[in-house]
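Everything below concerns the one structure shown next.
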Amino acid sequence: MRASRFHLATLKETPVDAEIISHQLMLRAGMIRRHAAGIYSWLPLGLRILRKVEQIIREEMDKAGALELLMPSFQPAELWQESGRWDQFGPELLRLQDRHHRDACIGPTHEEIVTDIFRREVNSYRQLPLNFYQIQTKFRDEIRPRFGVMRSREFIMKDAYSFDIDKDGMQHSYDVMDQAYINIFDRFGLDYRAVSADSGAIGGSTSQEFHVLADSGEDAIAFSEQGNFAANIETVEALPPETERVATSAEMQIVDTPGMYTIEDLANGLGVSAQQCMKTLIVEAEDGGLVALVLRGDHELNALKAERLDDVASPLRLAQREQITANLGSDIGSIGPIGLSLKTIVDHSAAVVGDFVCGANQDDKHFINANWGRDCEEPITADIRNVVNGDPSPVGTGRLKILRGIEVGHIFQLGQKYSESMQAAVLDEQGKGVAPFMGCYGIGVTRVVAAAIEQNHDEHGIIWPATLAPFQLAICPINYHKSEPVKQATDNLYQECLARGIEVLLDDRALRPGVIFSDMELIGIPHRIVLSERGVTAQQFEYKGRSDDSAQELPLDELPAFLDKLYSD
RNA sequence: CGGGGUGUAGCGCAGCCUGGUAGCGCAACUGCUUUGGGAGCAGUGGGACGGGAGUUCGAAUCUCUCCACCCCGACCA
């Protein structure tokens, strides 16, 4: 490809509304353009990368025996009513009517459609197992789309659905997909982790998420430094502390703490550690009242664990400020477990702290040297916090480490939820109708692209892994339009590359070298060859890998061998 | 949805407070010079200032209204 004939639409300035680095770089590199909130076009450069991701997925899915098909975005309401999700789904589901006032939606996922296909097409257990997949545009009407294509409303997803006659079959199909996903993510060339996850409302016993590791990731994942335990932090059990409660010493006292509302204020103001302070959260109870949850000041509440408690409303809702002041008589910031007239549940690790600091349930006052069992009743304890760095692994040995990740893949077992509700049955060996066991496997194709950038970039721009790069090689001639020797050497090299099937971008634009270099670095091409008059005269060319510190000069007659080596890697 | 903010040229912004008919940088186009890290000089084109209504002799500027977009929204208790 000649750059003069390609739509290279790089921007020197960063558009203001791009918050995260991948969004900024995708706009600056000219990969995407926005039309409305969460709605993007993919320009030719961006599409080349998207296609790379799709192709890798397609090859591995095919290899795993899945069959590609293509299902519609526009989906009739009847199917969603059959599965029960027409009413269950919130405003994320974009509903509309056609000219005949028939209800429909733009598909956020395709369980209903694929189940409809299955029940029409498949009658016998002999046709199983079966796995249909597609790479297709989805629409989810996010409340607040953000971060470019990372959380957009319209996006491309690979979704696959497996069908088996029984649970064992489903497990097998799931395992096959698990391996296919490992193959896919390996080929992406990204640093990722497969982690066990909450299977959510959809049900099913087994569920794994695939996260691309990046500091900017929205999810926290915990994994053991020994062994292969890895899980989304929201699912990880915090083991009860190994330490005993420290023996009590001083009497409890009440102190003035004006203006200290946060744990940080309190710890600084009183000269104690955050661990020594109790954080008391008031949430809505199952019966409509309120419940107090107490954590160590340096710990965070885990919403999933909390809402699983019998007394706590699910989903978890924090009490409104007015509700608290009306019921407890003190403002948020001065609430504590001592003398509190609410059901109180204390995290295991908070329950072993002695001589702690907590709100006194009077504005601007806290207790110090408070102790469980002495100054109030022995607490009811539970695991309600997120694990932190250094916590023991809940399975086996080792300590936990917390990393941040971007969820780009999710595989889980659906069971018979859709096949039963939509009456998709096949005949088994006895000629009896059986609802098949399904599995569901997604990869956010557009999100993979953003996640790759989020993980691989520097101050000059994107650094693509070779397998995702839009072009493998950039040829940068200096004075292509002025110097005949440079033009000749460049054209020769270009032909040489084309003959070898190398995806090459020849920057033949009449621009100054600095501009060319900056653009090629911004769009992240892994390899760069520079041809200058000086170099060509000396029978040399210059090579630099995108993340190399410096360039190297090599003899021109070694170029063909060099290309062979580069291309074979 | 609640709170905050922004809409002026393709992009980034100034002008608005204190009304008088729109400007800067980058980008684009033409010419000359320059050519190893986002060049210089000269010139050119492009915007009824988000839409509507109002106040006024006169509105980008003041008022009302609609729309679009951005940011924040449990770690504070």
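Some notes on this structure:
- Cα pair count fraction exceeding 25 Å, expressed as % - segment A:66-206: 37 percent
- Working from Cα pairs under 8 Å separated by at least six residues, relative contact order for segment A:253-382 is 28 percent.
- √(5λ) per eigenvalue of the Cα gyration tensor, segment A:1-72, largest first, Å: 29, 17, 11
- Value in Å of the Kirkwood radius, where segment A:290-351 supplies the Cα pairs that are averaged: 12.5 Å
- Computed P(r) (all Cα pairs; segment A:473-568; 10 Å bins; percent): 17, 55, 28, 0
- Over segment A:48-99, the Kirkwood radius and the radius of gyration, each from Cα atoms, give a ratio Rg/Rh of 1.15.
- Compactness index (Cα Rg / 2.2 N^0.38 Å), chain A: 1.20
- Degrees separating the helix A:484-500 axis from the principal Cα axis of chain A, which is the longest one: 70 degrees
- Charge dipole (chain A, unit charges on Cβ, about Cα centre) - positive-most of A:A250, A:A466, A:M150: A:A466
- Gyration tensor (alpha-carbon) shape descriptor, segment A:461-506, a/c threshold 1.5: oblate
- Share antiparallel - DSSP beta bridges, chain A, percent rounded to 5: 80 percent
- Placing +1 on each Lys and Arg Cβ and -1 on each Asp and Glu Cβ, with no other charges, gives chain A a dipole about its Cα centre of roughly 1940 debye.
- Above-threshold pairs, the threshold being 30 Å between Cα atoms, out of A:K12/A:K138; A:K63/A:K432; A:K52/A:K565; A:K12/A:K52; A:K12/A:K544; A:K158/A:K544: A:K12/A:K138; A:K63/A:K432; A:K158/A:K544
- Between helix A:167-188 and chain A: long-axis angle, C-alpha atoms, 0 to 90°, nearest 10: 50 degrees
- Each of the peptides A:266-278, A:552-564, A:60-72 was scored by the mean count of other Cβ atoms within 10 Å over its residues; in descending order, highest first, they stand as A:266-278, A:60-72, A:552-564.
- Sparse-neighbourhood loop sites, GluC sites (Glu not before Pro) in segment A:411-467 - DSSP loop, at most 12 other Cβ within 10 angstrom: A:E429, A:E459
- Chain A - accessible surface per residue (Å², probe 1.4 Å): 46 Å²
- Viscosity 0.692 mPa s, temperature 37 °C, Stokes-Einstein D of segment A:253-382 from Kirkwood C-alpha radius, µm²/s: 227 µm²/s
- Each Lys and Arg Cβ is given +1 and each Asp and Glu Cβ -1; about its Cα centre, segment A:473-568 then shows a dipole of about 180 debye.
- All Cα pairs of segment A:341-455, percent lying beyond 20 Å: 71 percent
- Percent accessible area from carbon and sulfur atoms, chain A, protein chains only, probe 1.4 Å: 48 percent
- Potential lengthening between A:R33 and A:E242 on full extension [0.36 nm per residue; Cα-Cα distance subtracted]: 69.9 nm
The values are calculated or read from the model by the stated rules, or taken from the named source; none is laboratory data. Computed from a predicted structure; not experimentally measured. Quick reminder, even Gly has a Cβ in these numbers, built from the backbone with ideal geometry, and neighbours come from all protein chains shown. In case anyone asks, the SASA skips ligands and DNA or RNA and just uses the protein heavy atoms, side chains included. Shrake-Rupley method; radii C 1.70, N 1.55, O 1.52, S 1.80 Å.
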